[in-house]
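Everything below concerns the one structure shown next.
None of the figures in this text is laboratory data; all of them are computed from the coordinates on show. Nothing here was measured: the structure is a model prediction, and the numbers come from that model. Every residue, glycine as well, gets a Cβ built from its backbone with ideal geometry; the counts of neighbours run over all protein chains shown.
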Amino acid sequence: MVKLTQEMEDVMNGVNIFYLATASKDGVPNVAPMGMVYLQEDKETIWFIDNYMNKTMQNLRENPIASISVWFPEGKGAYQFKGTVTIENEGDDYENAVSIAHFKSEKYPARNLVKMKVTEIYTSAPGPEAGNRLF
């Protein structure tokens, strides 16, 4: 797996909305804004808490590969992280995710925990380096 650098972590910590791209088994794309996104201590696993991810979850069940885009304004960083996902709806990590969601608001159902292991990282900052693979 690929670990995020401190700069990448800082960019993730500086934004509230991330864009998660998935595709169905037939290759039909879907991009959805995500608010409950958490980089884990290992710096190579990203958690997404599924509150209302209907099309996204259907796609991930059919095709467990995803990409997340993060951009921090004022040129402080823009990255695309790609990886493989697993879906959990029981166990300690899932219960932790439910607690995180309910801390924000009891209205969030926290139906599933999606874990993405980062396998590739690209720059998506504007300029001649845009789209270059970093790791």
Shape of segment 1-87, Cα gyration tensor, a/c cut at 1.5
prolate
With point charges of +1 on the Cβ of Lys and Arg and -1 on the Cβ of Asp and Glu, referenced to the Cα centre of the chain, which listed residue (SER24, ALA130, VAL98) lies farthest in the positive direction of the dipole?
SER24
Given Cβ charges of +1 for Lys and Arg and -1 for Asp and Glu, the option among ASN63, MET116, ASN89 whose Cα lies farthest towards the positive end of the dipole of segment 6-120 is ASN63
Between TYR38 and GLN6, the FRET efficiency computed from the C-beta separation at R0 = 22 Å comes out, to the nearest 0.05, as 0.85
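How would you rank PHE135, PHE48, PHE18, going from fewest to most other Cβ atoms within 10 Å of each one's own Cβ?
Values: PHE135 14, PHE48 27, PHE18 19.
By the 10 Å Cβ count, ascending, the order reads PHE135, PHE18, PHE48.
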Residues in segment 94-135, backbone N under 14 Å from the label point at THR84 (7 Å along the Cα-to-beta-carbon vector): list them, ranges by number please.
115-120
1/(1 + (r/R0)^6) with r = Cβ-Cβ of ASN54 and LYS107, R0 = 25 Å, i.e. FRET efficiency to nearest 0.05, evaluates to 0.90
On full extension of the chain, what length is gained from ASN13 through ARG61, given 0.36 nm per residue of separation minus the C-alpha to C-alpha distance?
14.5 nm
Using alpha carbons only, how many degrees (0 to 90, rounded to 10) separate the axis of helix 92-104 from the longest principal axis of the chain?
80
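About the Cα centre of segment 36-135, what is the dipole size in debye to 20, counting +1 per Lys and Arg Cβ and -1 per Asp and Glu Cβ, all else neutral?
360
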